[in-house]
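The values are calculated or read from the model by the stated rules, or taken from the named source; none is laboratory data. Because the structure is a prediction, the values reported are computed rather than measured. Note: ideal-geometry Cβ built from the backbone for every residue, glycine included; neighbour counts use all protein chains shown. To get the accessible areas, we keep the full protein, side chains included, count just its heavy atoms, and leave off ligands, DNA and RNA. Shrake-Rupley method; radii C 1.70, N 1.55, O 1.52, S 1.80 Å.
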Amino acid sequence: MDFDVLIAGGGPVGLLTASELALAGVRTCIVERLKEPSPFSKALTLHPRSIEILEMRGLGERFKQIGKPVPSGHFASLKTGLDFSALDTQANFTLFIPQYETEKVLEEHARNLGVCILRGHEVLAVREHEESAELVVQGPGGLSFLTASYIVGADGAGSIIRKQARIAFSGTDANITAMLGDVSLENPPESHFYTCENREGGVVIVPLDGGIFRVIITAPHMPQALLHEPVTLEELKKELNRICGTDLGMNSPVWMSRFGNASKLAEHYRSGKIFLAGDAAHIHFPAGGQGLNVGLQDAMNLGWKLAAKINGRCPDWLLDSYHNERHPVGEALLVNTQIQTKLFDFTREGLYLRELLSGILEFSDVNRYLAEQTAALSVQYEADEEMPEHELNGKRLPDIDLTLSDGTVKRLYTFLHDGRFLLAAFGKEPKELSRMPHVRLMQVKAIDSRPEWNGVKAALIRPDGHVAWAVDESMENAEQLIADGICRWCENSHLQSV
Ligand SMILES: Cc1cc2nc3c(=O)[nH]c(=O)nc-3n(C[C@H](O)[C@H](O)[C@H](O)COP(=O)(O)OP(=O)(O)OC[C@H]3O[C@@H](n4cnc5c(N)ncnc54)[C@H](O)[C@@H]3O)c2cc1C
């Protein structure tokens with residue numbers, strides 16, 4: 001076999017998936033069609049949960065040096081923003097960062113971990129064999145056939161992996177188009193998030209680096225038929241003038257593009273030896289800036305599970321939990337963006353509705369509910385039914401302060417940099433750990449101001465920062481439950497039978 005895992009597509013999702021695999025010593029190769037990274041930027045935002053997962057791998061500071069923190073997000077570009085500053089996270093902000101910068105850092109990270117990246121290579125076909133899977137690749141030197149144990153399709157919306165694996169991609173086609181231009185403006189608006197809306201349509205303008213502004217225009221009369229036609233500067237100016245009464249001196253476009261609201265979800269995120277992640281698994285109108293974020297979170301869920309499988313310590317139920325956990329998140333993403341798309345309604349009633357909702361968003365509980373959803377902080381995975389119930393099971397953990405047994409106070413995420421399981425034990429070390437170097441022990445004295453941790457004897461924290469299970473000291477046979485729980489999630493499959 002040439003590699004353990006082959007990844008089609010070296011966008012943000014392919015790059016993070018590859019890094020997660022390489023972190024666990026898995027031989028990974030990305031096959032990417034583009035010779036050079038794209039200089040254009042679809043996404044501009046990293047949301048709190050994405051910042052958290054990057055923090056877990058020690059990349060937080062690097063991203064914060066490049067991006068600009070903004071305390072809010074938005075829902076359907078309504079005038080009242082989503083207040084991220086009130087959320088229960090250290091990353092209580094949006095990081096405003098062009099997608100090409102995100103990709104640059106992730107590519108550097110992947111290369112540092114030893115990921116092989118074949119740029120200028122296009123995947124033409126994928127084949128599954130009994131013992132392996134294969135990519136047919138067209139590169140500068142001609143055709144090649146690469147084999148691996150598993151393949152991940154992170155090859156974006158038009159995914160050839162998804163199509164060839166015959167994974168149904170169901171949903172609705174586009175019936176709304178919007179357009180964007182990264183341009184210079186002689187008379188830019190003062191606001192950092194400028195919106196203008198009326199019966200003619202809606203405009204959002206945000207400043208990018210180097211005196212460039214992103215102008216996004218959604219207008220009811222822009223037909224879906226135009227989706228594949230290039231945008232012209234004249235068209236952008238005309239639409240901006242129509243809606244805002246001025247073209248703001250628009251000139252010198254750097255990038256112009258058109259996008260639609262097709263909403264589709266892969267019915268299965270896994271088919272045999274093939275997995276899908278990111279846009280290959282879900283597409284939607286880019287409302288609220290969520291696609292790249294959810295894709296990175298897919299990668300973070302898949303990487304450690306697939307790595308554990310390759311390393312011989314992952315039961316099939318755990319690998320299948322990738323679909324079981326992430327497919328519902330994809331469904332929720334589509335619903336969320338479809339609701340936002342409905343609100344891009346610039347009829348008289350639609351504008352009243354937008355105003356009404358904007359007012360309702362002033363209520364902090366409502367605002368927080370939508371902010372948590374958009375920030376992906378409300379994602380909670382199903383509790384493991386084989387373990388006793390506990391309110392922490394399946395929950396995402398923020399970067400909480402821990403008082404360790406030696407009295408020092410440390411942040412939780414600093415213990416997750418190497419991508420291993422973490423056993424937070426309030427007491428003596430369970431004996432199972434001595435034969436599991438891939439599980440890190442953290443002996444904890446206290447976790448302050450977190451009542452859900454009161455009485456916990458041990459909790460197993462997954463490499464993606466969710467709680468696998470927690471066992472209270474009051475539970476009958478607590479020590480045995482802990483030992484069983486460690487074996488169930490982390491046991492080397494060949495050790496299980498010893
Ligand atoms: C206008 C716009 C604004 C957006 N804004 C935001 C935002 O603010 N926040 C946000 O979270 N999301 C946003 N998104 C969505 C975001 O850009 C995508 O969700 C994100 O790019 C998905 O990443 P990915 O790695 O899954 O796919 P992609 O970024 O599409 O990467 C796929 C990669 O696979 C490669 N590839 C494709 N086919 C092959 C092949 N056959 N062989 C080899 N390589 C191949 C491609 O060259 C590409 O590099 C926006 C999207 C649009 C259109």
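Check cross-link reach from residue 79 to the lysines: straight Cα distance under 22 Å, and skip same-chain residues fewer than eight apart.
The reachable lysines, counting only those whose Cα sits under 22 Å from residue 79, are 68, 342.
Taking the Cα centre of the chain as origin, sum charge times position over the Cβ atoms of Lys and Arg (+1) and Asp and Glu (-1), and report the length of that vector in debye to the nearest 20.
Magnitude of the dipole: close to 800 debye.
I need the shape label for segment 271-326. Rule: rounded when a/c is under 1.5, else prolate if a/b > b/c, else oblate, with a, b, c from the alpha carbon gyration tensor.
Prolate, since a/c reaches 1.5 and a/b exceeds b/c.
Please give me the summed charge of the neighbours of residue 56: other residues whose Cβ is under 9 Å from its Cβ, Lys and Arg +1, Asp and Glu -1.
-3
Per residue, how large is the accessible surface of segment 177-260? Use a 1.4 angstrom probe and give square angstrom.
47 Å²
Starting with the highest mean, order 106-112, 373-379 by the number of other Cβ atoms within 10 Å, averaged over the residues of each peptide.
373-379, 106-112
Spelling out what I want: for every residue of segment 454-465, take phi, set θ = phi - 60°, compute 6.51 cos²θ - 1.76 cosθ + 1.60 (Karplus), and round to whole Hz; glycine and proline get x.
4, x, 6, 8, 7, 9, 9, 9, 6, x, 9, x
Taking every pair of alpha-carbon atoms in segment 259-412, give the share separated by more than 28 Å as a whole percent.
Tail of the P(r) past 28 Å holds 36 percent of the pairs.
What part of the accessible area of the chain, given as a whole %, is carbon or sulfur when the probe is 1.4 angstrom?
Result for the chain: 50 percent of the exposed heavy-atom area is carbon or sulfur.
How big, on average over all directions, is the shadow cast by the Cα convex hull of segment 143-193, in nm²?
Mean orientational projected area (segment 143-193, Cα hull): 8.3 nm².
Starting from the amide H of residue 30, placed 1.01 Å from N in the peptide plane, find each other amide H under 5 Å away whose residue is 5 or more places distant or on another chain.
Excluding prolines and chain starts, which carry no amide H, the hits are 7, 116, 117, 118.
Picking from 38, 66, 50, whose Cα lies most toward the positive end of the charge dipole for segment 24-85 (charges on Cβ: Lys, Arg +1; Asp, Glu -1)?
38
For residue 45, list long-range residues whose amide hydrogen, built 1.01 Å from N in the peptide plane, is under 5 Å from its own amide hydrogen.
HN-HN under 5 Å from residue 45: 97.
In terms of Cα to Cα distance under 15 Å, which aspartates and glutamates are near enough to residue 445, apart from those fewer than 8 places away along the same chain?
401, 406, 429, 472, 473
Along the charge dipole of segment 177-260, which of 250, 189, 219 sits closest to the positive end, that is, farthest toward it, with unit charges on the beta carbon of Lys, Arg, Asp and Glu (+1, +1, -1, -1)?
Working it through, the farthest residue towards the positive pole turns out to be 219.
Restricted to Cα positions, what overall size does segment 181-324 have along the principal axes? Three whole-Å values, descending.
For segment 181-324, the Cα extents along the three principal axes come out at 62, 33, 24 Å.
In segment 401-496, what % of DSSP beta bridges are antiparallel (nearest 5)?
75 percent
Under 1.5 on a/c is rounded, so check that first for segment 391-440, then, if it is not, pick prolate when a/b is larger than b/c and oblate when it is not; a ≥ b ≥ c are the square roots of the alpha carbon gyration tensor eigenvalues.
rounded
From the residues 424, 392, 482, which one has its Cα farthest along the dipole of segment 340-498 in the positive direction, the dipole being from +1 and -1 charges on Cβ of Lys/Arg and Asp/Glu about the Cα centre?
Farthest towards the positive pole: 424.
What does the charge dipole of segment 177-260 about its Cα centre add up to, to the nearest 20 debye, if the Cβ of each Lys and Arg holds +1 and the Cβ of each Asp and Glu holds -1?
180 debye
In terms of Cα to Cα distance under 12 Å, which aspartates and glutamates are near enough to residue 431, apart from those fewer than 8 places away along the same chain?
Straight-distance partners of residue 431: 479, 484.
Among the listed pairs 163/395; 309/395; 305/395; 42/64; 64/104, which have their C-alpha atoms separated by more than 25 angstrom in this model?
Check vs 25 Å cut-off fails for 163/395.
Taking θ as phi - 60°, what are the ³J(HN,Hα) couplings along segment 412-425 by the Karplus curve (6.51, -1.76, 1.60), each to the nearest whole Hz, with x for Gly and Pro?
3, 5, 5, 8, 9, 4, 8, x, 8, 4, 10, 9, 8, 10
Rounded if a/c is under 1.5, else prolate if a/b is larger than b/c, else oblate: which is segment 401-496, with a ≥ b ≥ c the root eigenvalues of its Cα gyration tensor?
Oblate.
With only alpha-carbon atoms in the gyration tensor, what are the semi-axes of the equivalent ellipsoid for the chain, in Å, largest first?
40, 28, 19
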